[in-house]
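Presented below is the structure to which this report refers.
The values are calculated or read from the model by the stated rules, or taken from the named source; none is laboratory data. These figures come from a predicted structure and were not determined experimentally. Positions of Cβ are backbone-derived with ideal geometry, glycine not excepted, and every protein chain shown enters the neighbour counts. Accessible surface areas use protein heavy atoms only, side chains included; no ligands, DNA or RNA. Shrake-Rupley method; radii C 1.70, N 1.55, O 1.52, S 1.80 Å.
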Amino acid sequence: MKSILITSLILFSGLLLAQEKTLFNGKNLDGWTAYGTELWYVEDGLLVCESGPDAQYGYLGTDEHYKNFELTLEFKQEADGNSGVFIRSTVDGTTVSGWQVEVAPPGFHTGGVYESYGRNWLIKPEPEKEKVLKMGEWNQMKIRVDGDVLTSWLNGTEMITLTDKIIGAGEGSVILQIHDGGGIKVKWRNLQLTEL
């Protein structure tokens, strides 16, 4: 009986490990597609997004689609850090359809959820949570999306929880954004996704 239990635990642990994926390999952009003319490149094992000469919106999306998952990542904003992480989203040219968990400069609602070309802001963090962001330092973000429920955390603090049937029906990729306007640079690392 004990050996059966141990075997079951090993198999279950292996199944959990098999569901976790490293989205960025630290070497190149394999598994991702860039949209627009903004800059996406790898430097010192980090994924970097930077405004290009056109200073327009730019996106970097996973080639695979993910529905229900928990995503953890780290980001460091240099210069203007206006960016974001889209979930269940698609891109046509540089027009994105989906939902962005905001990554922005202090006071601009990092961790909130914005629907591009649709309902705009769906939820913003409470004002006192704006102080959780560490501008110019590494920050850890966690995003969990399961059915209709989307929750974000920043540096261990729950920023928002949103229940939304339209998000629940969404299909698409994980997509990183660089905002228009120029002068933006954000570094990313440790992008880990566990499918639920």
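What strands (runs of 3 or more DSSP E), lying completely within the stretch 42-103, carry at least 3 residues that are open to solvent by 40 Å² or more (accessible area, probe 1.4 Å)?
Numbers: elements: 46-50, 58-62, 69-79, 83-92, 95-103.
Once the strands (runs of 3 or more DSSP E) in the stretch 42-103 are filtered for at least 3 residues that are open to solvent by 40 Å² or more (accessible area, probe 1.4 Å), what remains is 69-79.
Restricted to strands (runs of 3 or more DSSP E) entirely inside the stretch 112-196, those with at least 2 residues that are in contact (Cβ under 8 Å) with a residue 24 or more places away in the chain, open to solvent by 40 Å² or more (accessible area, probe 1.4 Å) and farther than 22 Å from S97 by Cβ are 138-146, 184-195.
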